[in-house]
1. Name the single residue that is farthest from Val60 (Cα to Cα) among those in segment 76-94 being in contact (Cβ under 8 Å) with a residue 24 or more places away in the chain and exposed (fewer than 15 other Cβ atoms within 10 Å of the Cβ).
2. Among residues belonging to segment 1-21 that are outside any strand (DSSP E or B), more than 23 Å from the chain's Cα centre (by Cα) and not small (Gly, Ala, Ser), point out the one that is surrounded by the most Cβ atoms within 10 Å (Cβ to Cβ).
Amino acid sequence: MATYLFKSDSGEIIERCFSMKDAPPIGSEIVVEGQVFRRVFSADVGAAQVARVTHQYPFVSRSLPYGDDLGCKRDHKGRQIIASQRQEREVLARCGFVRD
């Protein structure tokens, strides 16, 4: 069950739980205790319990070329060690990759 936000014309916001297959589309209306509420978009990723894709730095890249000198330290197997988000973006750009 996921939580969805609904807003009335007076600005009151309520939450209701629905299964994802039964959730009303954004903009649709429901009536609660005689008052009309319209479903609004919620950007709260935490409420939807969706994990964002982020890295903890430093991390060992398993996707980058092993032996190339990309300006990174390497582990004992020759894999690149990315120390920061800035370094990750620079290395990916050099290799022609884009981050998801």
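1. Arg94
2. Applying the filter and picking the extreme gives Glu12.
Every number in this text was worked out from the coordinates using simple rules, so none of it is lab data. Keep in mind that what you see is a predicted model, and the values were worked out from it rather than measured. Cβ: placed from backbone, ideal geometry, glycine included. Neighbour counts: every protein chain shown.
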